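Working notes, structure below.
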Amino acid sequence: MDFLKKINSKAKSDANTGFGINASSYGGRFITKSGNANVKRTGIGLLDSISWYHTMLNIPRWKFMVIIVGFYFFVNFLFASIYYSIGVEHLNGVVAISTMEKFGQTFFFSIQTFTTVGYGHISPSGFMTSFVAAVEALFGLLSFAIATGLFYGRFSKPKAFIRFSENAIIAPYADGTALMLRMTPFKNTNLTDAEAKITMGMILDEGGKLVNKFYTLDLELAKVNSLTLSWTLVHPITESSPLYNFTKEDYEAIDGEILVFLKVFDDMFSTTVAKRTSYAFSEIVYGAKFIPMFSRSNDDNKTILHIDKLNAFEKVQL
């Protein structure tokens, strides 16, 4: 079926998306659910293709801690092996008898040197052991400086603490229907001047050639002064919408994607932060409406925002 005929002729395609038009060279979705570009770079060395600083700032917290702790123990194990290979007799204070005890004491001597604690129970003697200890102490100072910078960078990095609903929906709206998706802040931040844009991307057959087509979906409300509760983005499916003729079966059959771009001002960091996500057509629920996710407190003094209801919806007939 030629899905180009399904798109309203009044809808104008957007050529300024940055994604290109050659669909035969694309694989998968344009933007991942987390908002990153779905691109894998090749033809360049690993060290040149990765910004380790950005990687360490963006990886999940548990991965960051595993890397820091793993690096700490690996480096100390390496230096302990060097001390042991030189000979424990060059470490004054080692009184262990078994091989395991000797290596254990060199390991903890390495930790004391690496952290520059230096309890004094064990001390190096001889040029080689003293030289290795000096190198390790310098390496430890540099390592802790880098780790401290990374901790501060992760702690102080401006982030858009906003969550999007897992699904977009086609819901009743006015006398017709609308495409809707929902978002909400989930931390104690003050967000103002929020601005959203939604683009629909599709892979279509034009004269036997697969091409990427993008259409800007006009929003009922594209800007809000303050983002304190949930915000439902609504694209009315009117006669001017590229989705005007789409049926439930079309959403299931067409290879399409809804790209969401959000900018908001965080007054804590005094800067604008951005957030992105996307919804494949398979993640659009046809015939549903969102359930309200905030309510009045029992004492009528506060509004309760139920974050766990962000994706809560119920099926309806269209």
Test: residue in the stretch 227-243 that is out of contact with any strand residue (DSSP E or B) (no Cβ under 9 Å at 6 or more places or on another chain) and either open to solvent by 10 Å² or more (accessible area, probe 1.4 Å) or not aromatic (Phe, Trp, Tyr) (or both): yes
Residue count, the stretch 117-131 (criterion: of a type outside the set (A, V, I, L, M, F, W, C), over 26 Å from Ile68 (Cα atoms) and open to solvent by 90 Å² or more (accessible area, probe 1.4 Å)): 1
Filtered residues of the stretch 154-194 (kept if more than 21 Å from Val264 (Cβ to Cβ) and among the small types (Gly, Ala, Ser)): Ala171, Ala174, Gly176, Ala178
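For the stretch 208-259, how many residues are part of a loop (DSSP other than H, G, I, E, B), farther than 23 Å from Ala312 by Cβ and among the hydrophobic types (A, V, I, L, M, F, W, C)?
We begin by selecting, within the stretch 208-259, every residue part of a loop (DSSP other than H, G, I, E, B); these are 208, 218-222, 228-230, 237-247, 254-255.
Now drop any that are not farther than 23 Å from Ala312 by Cβ, which leaves 208, 218, 222, 238-247, 254-255.
Within this subset, residues satisfying the condition of being among the hydrophobic types (A, V, I, L, M, F, W, C) are 222, 243, 246, 254.
Final tally of qualifying residues: 4.
Filter the stretch 291-312 for residues that are more than 25 Å from the chain's Cα centre (by Cα) and either within 28 Å of Lys159 (Cα to Cα) or β-branched (Val, Ile, Thr) (or both) and give the result. Explain how you work it out, then say what you get.
So the first thing to find is which residues in the stretch 291-312 are more than 25 Å from the chain's Cα centre (by Cα), and the list is 291-292, 294-304.
Within the stretch 291-312, Ile291, Pro292, Phe294, Ser295, Lys302, Thr303, Ile304 meet the criteria.
I'd like the residue in the stretch 46-78 that is among the β-branched types (Val, Ile, Thr) and without any contact (Cβ under 8 Å) to a residue 40 or more places away in the chain and, out of all such residues, is least open to solvent (accessible area, probe 1.4 Å). Before you say what the answer is, go through the steps one by one.
As a first pass, look at the stretch 46-78 and keep what is among the β-branched types (Val, Ile, Thr): 50, 55, 59, 66-69, 75.
Subsequent filtering for residues that are without any contact (Cβ under 8 Å) to a residue 40 or more places away in the chain retains 50, 55, 59, 66-67, 69.
Values: Ile50: 55, Thr55: 48, Ile59: 32, Val66: 90, Ile67: 79, Val69: 69 Å².
Result: Ile59.
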Condition check for Ala134: in a helix (DSSP H, G or I) and either open to solvent by less than 60 Å² (accessible area, probe 1.4 Å) or over 26 Å from Lys315 (Cα atoms) (or both): yes
Close pairs from the stretch 114-143: first touching a residue at least 24 places away in the same chain (Cβ under 8 Å) and within 16 Å of His90 (Cα to Cα), partner in a loop (DSSP other than H, G, I, E, B) and open to solvent by 50 Å² or more (accessible area, probe 1.4 Å), Cβ under 7 Å, at least 6 apart: none
Residues of the stretch 271-318 classified as of a type outside the set (D, E, K, R), over 12 Å from Glu166 (Cα atoms) and open to solvent by 80 Å² or more (accessible area, probe 1.4 Å), total: 8
Enumeration of residues in the stretch 202-221 that are open to solvent by less than 40 Å² (accessible area, probe 1.4 Å) and not β-branched (Val, Ile, Thr): Met202, Leu204, Asn212, Phe214, Tyr215, Leu217, Leu219
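Report whether or not Phe151 is closer than 20 Å to Phe73 by Cα and either open to solvent by 70 Å² or more (accessible area, probe 1.4 Å) or in contact with a strand residue (DSSP E or B) (Cβ under 8 Å, 6 or more places away or on another chain) (or both).
On the way: closer than 20 Å to Phe73 by Cα: yes; either open to solvent by 70 Å² or more (accessible area, probe 1.4 Å) or in contact with a strand residue (DSSP E or B) (Cβ under 8 Å, 6 or more places away or on another chain) (or both): yes.
Against the criterion (closer than 20 Å to Phe73 by Cα and either open to solvent by 70 Å² or more (accessible area, probe 1.4 Å) or in contact with a strand residue (DSSP E or B) (Cβ under 8 Å, 6 or more places away or on another chain) (or both)), Phe151 qualifies.
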Any hit, the stretch 294-309, residues being in a strand (DSSP E or B) and closer than 16 Å to Met180 by Cβ: no
Residues being over 15 Å from Ala80 (Cβ atoms), within 40 Å of the chain's Cα centre (by Cα) and among the hydroxyl-bearing types (Ser, Thr, Tyr) - total across the stretch 94-140: 1
Thr199 under 18 Å from the mean Cα position of the chain (by Cα), open to solvent by less than 10 Å² (accessible area, probe 1.4 Å) and touching a residue at least 60 places away in the same chain (Cβ under 8 Å): no
Candidate set: the stretch 154-183, residues that are polar (S, T, N, Q) and under 21 Å from Glu257 (Cα atoms); chosen: the one surrounded by the most Cβ atoms within 10 Å (Cβ to Cβ): Ser165
Where Gly208 falls short, out of the listed (1) in contact with a Pro (Cβ under 9 Å, 6 or more places away or on another chain); (2) on the phi > 0 side of the Ramachandran plot: (1)
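From the residues in the stretch 79-114 that are of a type in the set (Val, Ile, Thr) and open to solvent by 40 Å² or more (accessible area, probe 1.4 Å), which one is nearest to Ala147 (Cα to Cα)?
The initial filter retains those residues of the stretch 79-114 that are of a type in the set (Val, Ile, Thr), namely 82, 86, 88, 94-95, 97, 99, 106, 111, 113.
Of the ones still in play, those that are also open to solvent by 40 Å² or more (accessible area, probe 1.4 Å) are 82, 86, 95, 97, 99.
Details: Ile82: 24, Ile86: 29, Val95: 34, Ile97: 36, Thr99: 33 Å.
Checking each candidate, the answer is Ile82.
The values are calculated or read from the model by the stated rules, or taken from the named source; none is laboratory data. What you are looking at is a predicted structure, and each value in this text was computed from that prediction instead of being measured. Note that we place each Cβ from the backbone using ideal geometry, even for glycine, and neighbour counts take in every protein chain shown. These area figures cover heavy atoms from the full protein model, side chains too; ligands, DNA and RNA do not enter into them. Shrake-Rupley method; radii C 1.70, N 1.55, O 1.52, S 1.80 Å.
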